[in-house]
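J.: Have a look at this one before I ask anything.
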Amino acid sequence: MADITDPENKSDIIIGMNSELSDVTGIGLPFVKDAIPTRAIQLGSVITFDFDATRRLHMIICHKLGLGGWASAEQNVRFGLDYLNHVNQMEDSDKRRKFSIVNIGTGRVGVRDAADPVGIKRAIADSHLIVDLFVFTPPVMLADVRAARAPLRPVRTWSPNFGEEHLRVSAVA
């Protein structure tokens, strides 16, 4: 299976996202276009949405836009993954989720802004969360997933400094 959004992938989806929630063309586009942060989004934060009836989409805020914006991406990815692991471990064993993650830093913005995908992949491997890695495939990643997902509903946001917070989201037509 090459498409992380394929319904055959029963795992939650994890993607990397910039702190401005902008310049997005892939999986996260339908979610960020309607998200209105209540404050500046801190690097290392995780924003979680319902993706479809059974899966969630977790955005790890791991970089800023622009050259040098990926400087601490490895650490931010690790923070986010370890947070997801902590939340998952708090669940009863029969309610624990499985996770899949895109190859962060290898997309259009990562290449443009000089991400370190090898360092990010090392952070993914070193985290406590067990994930299946999906490699970026442009035709798949740029697919329109809006029709396949449930109405936009944020589940939770978490940041290293503020803990869990609310994220305001406008109505989806």
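J.: Using the number of other C-beta atoms within 10 angstrom as an exposure proxy, rank Trp158, Trp70 with the fewest first. Write down the numbers at each step before the final one.
T.: On the way: Trp158 22, Trp70 26.
Ordered from fewest to most neighbouring Cβ atoms within 10 Å, Trp158, Trp70 come out as Trp158, Trp70.
J.: Something else now. May I ask for the net charge around Asp23, where only other residues with Cβ less than 15 Å from the Cβ of Asp23 are counted and Lys, Arg are +1 while Asp, Glu are -1?
T.: Local net charge: +2.
J.: At 7 Å along the Cα-to-beta-carbon direction for both Arg156 and Asp52, put a label point, then send me their distance in nm to one decimal.
T.: Label at Arg156, label at Asp52, 2.4 nm between them.
J.: For Ile41, Ile61, what's the fewest-to-most ordering of other Cβ within 10 Å of each Cβ? Numbers along the way, then the final one.
T.: Numbers: Ile41 20, Ile61 26.
In order of increasing Cβ crowding within 10 Å: Ile41, Ile61.
J.: Still on this model: Please list 3J(HN,Hα) in residue order for the stretch 8-18, calculated via the Karplus relation 6.51 cos²θ - 1.76 cosθ + 1.60 where θ = phi - 60°; whole Hz, with x for glycine and proline.
T.: Result, ordered by residue: 5, 7, 7, 7, 4, 10, 10, 10, x, 9, 8 Hz.
J.: Can you work out the Karplus-derived ³J(HN,Hα) for every residue in the stretch 31-41? Use 6.51 cos²θ - 1.76 cosθ + 1.60 with θ = phi - 60°, whole Hz, and x for glycine or proline.
T.: Per-residue couplings from phi come out as 8, 6, 5, 10, 8, 10, x, 7, 7, 4, 8 Hz.
J.: Shifting gears a bit: Among Asp3, Asp113, what is the fewest-to-most ranking by other Cβ atoms within 10 Å?
T.: The fewest-first ordering by Cβ neighbours comes to Asp3, Asp113.
J.: Would you mind checking which residues have amide H under 5 Å from Ser100's amide H? H placed 1.01 Å from N; only 5 or more apart, or other chain.
T.: Answer set, sorted by chain and number: Asp12, Ile13, Ile14, Asp132.
J.: Going by amide H atoms built from the backbone, whose H comes under 5 Å of the H on Arg156, apart from near neighbours?
T.: Thr48
J.: Which whole-Hz ³J(HN,Hα) couplings does the stretch 74-90 yield from phi under the Karplus relation 6.51 cos²θ - 1.76 cosθ + 1.60, θ = phi - 60°, glycine and proline marked x?
T.: My calculation for the stretch 74-90 gives 4, 5, 5, 5, 4, 4, x, 5, 5, 4, 4, 4, 4, 4, 5, 5, 6 Hz in order.
J.: How high is the relative contact order of the stretch 13-121, given as a whole-number percent (alpha carbon pairs under 8 Å, six or more residues apart)? Mind dumping the intermediate values first?
T.: Numbers: 158 pairs, mean separation 32.5, N = 109.
For the stretch 13-121, the relative contact order is 30 percent.
J.: Check which residues have an amide H placed less than 5 Å from His63's amide H, if you skip close sequence neighbours.
T.: Sorted by chain and number, the residues that satisfy this are Met17, Ser19.
Taken together, the values in this text are just the output of simple stated rules run on the coordinates, not laboratory data. For clarity, every value in this text was computed on a predicted model and none was experimentally measured. All Cβ positions, even for glycine, are placed from backbone atoms using ideal geometry, and neighbour counts span all protein chains on display.
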